[in-house]
Amino acid sequence: MKKNKISEGEEFIKDFLESEGIKFKPEKKIENLKGDDSSYRVADFYLPQYKVFVEFFGQWNVSEEHKKRYNKKRRIYRENKTPCVYLYPENLGILKFLLKRRIKDVLKSHRMRWQLFKINWNIFQDEYGLVALVIVGILIYSINDLTGKILLSLLFILIGYSRLKESFLK
């Protein structure tokens with residue numbers, strides 16, 4: 001598969017994903033889509049943790065022909081139940097706010113509960129990381145059930161590790 005030249009918008013999204021610690025695969029090939037006249041499509045990014053594709057429609061405002069091509073791609077993804085977030089040039093300025101929100105919407109619409117839990121957990125950790133660590137620590141101390149203590153201890157370790165990974169182990 002020939003790699004396309006990455007646009008400035010795609011470069012911006014790539015840098016954003018890296019800075020947010022979101023693992024991704026660029027230029028992800030999607031084969032055997034029903035109702036498609038192409039043998040495969042190439043999504044701009046794939047987020048394996050959430051099992052979601054990201055398409056940047058960077059030339060949306062250039063011409064009606066570009067819009068028609070993008071709409072065809074969107075229709076094919078929808079008909080094949082391919083979970084995908086669509087981004088436009090005007091979205092780049094609010095990417096931090098918008099991307100996780102759109103990922104959540106896609107996960108909900110595709111009923112991808114485990115991935116939805118993961119992104120909600122990551123958002124919670126981003127916002128309340130140290131507070132969550134303290135709360136889980138207090139719960140471990142106060143709960144009497146051994147199974148609950150073990151599960152909460154694992155959660156405590158997970159939160160602690162992710163906090164360390166984001167700061168000291170980066």
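No lab work stands behind these numbers, since they all come straight from the coordinates. Model, not experiment: these values are computed from the prediction. Here Cβ is always computed from backbone atoms with ideal geometry, including for glycine, and neighbour counts include all displayed protein chains.
I'd like the full set of residues that are closer than 20 Å to Gln115 by Cα and of a type in the set (Ser, Thr, Tyr), limited to segment 52-92.
Tyr77, Thr82, Tyr86
Within segment 22-33, track down each residue that is loosely packed, with under 13 Cβ neighbours inside 10 Å and not in a strand (DSSP E or B). Walk me through it before giving the result.
Taking segment 22-33 and keeping what is loosely packed, with under 13 Cβ neighbours inside 10 Å, we get 23, 25, 29, 31-32.
Listed by number, the residues that qualify are Lys23, Asn32.
Restricting segment 34-69 to residues that are out of contact with any strand residue (DSSP E or B) (no Cβ under 6 Å at 6 or more places or on another chain) and among the small types (Gly, Ala, Ser), which is surrounded by the most Cβ atoms within 10 Å (Cβ to Cβ)?
The selected residue is Gly58.
One line per residue, one yes/no per condition, for (1) under 15 Å from Leu47 (Cβ atoms); (2) of a type in the set (D, E, K, R):
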{"position": "Lys73", "(1), (2)": "no, yes"}
{"position": "Glu79", "(1), (2)": "no, yes"}
{"position": "Tyr86", "(1), (2)": "yes, no"}
{"position": "Gly93", "(1), (2)": "no, no"}
{"position": "Arg102", "(1), (2)": "yes, yes"}
{"position": "Lys108", "(1), (2)": "no, yes"}
{"position": "Met112", "(1), (2)": "yes, no"}
{"position": "Gln115", "(1), (2)": "yes, no"}
{"position": "Asn122", "(1), (2)": "yes, no"}
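Hey, does segment 137-147 have a residue that's free of Cβ contacts under 8 Å to residues at least 24 places away in the same chain and within 21 Å of the chain's Cα centre (by Cα)? Steps first, answer last, please.
Going through segment 137-147, the residues free of Cβ contacts under 8 Å to residues at least 24 places away in the same chain turn out to be 137-147.
Now drop any that are not within 21 Å of the chain's Cα centre (by Cα), which leaves none.
So far as segment 137-147 goes, no, none of its residues is free of Cβ contacts under 8 Å to residues at least 24 places away in the same chain and within 21 Å of the chain's Cα centre (by Cα).
Of all residues being assigned to a loop (DSSP other than H, G, I, E, B) and of a type in the set (A, V, I, L, M, F, W, C) in segment 34-75, which is farthest from Arg101 (Cα to Cα)? Just the residue, please. Show your work before the answer.
Step one: list which residues in segment 34-75 are assigned to a loop (DSSP other than H, G, I, E, B), which gives 34-39, 48-51, 57-63.
Those left that are additionally of a type in the set (A, V, I, L, M, F, W, C): 57, 60, 62.
On the way: Phe57: 18, Trp60: 21, Val62: 26 Å.
Checked segment 34-75; the qualifying residue farthest from Arg101 (Cα to Cα) is Val62.
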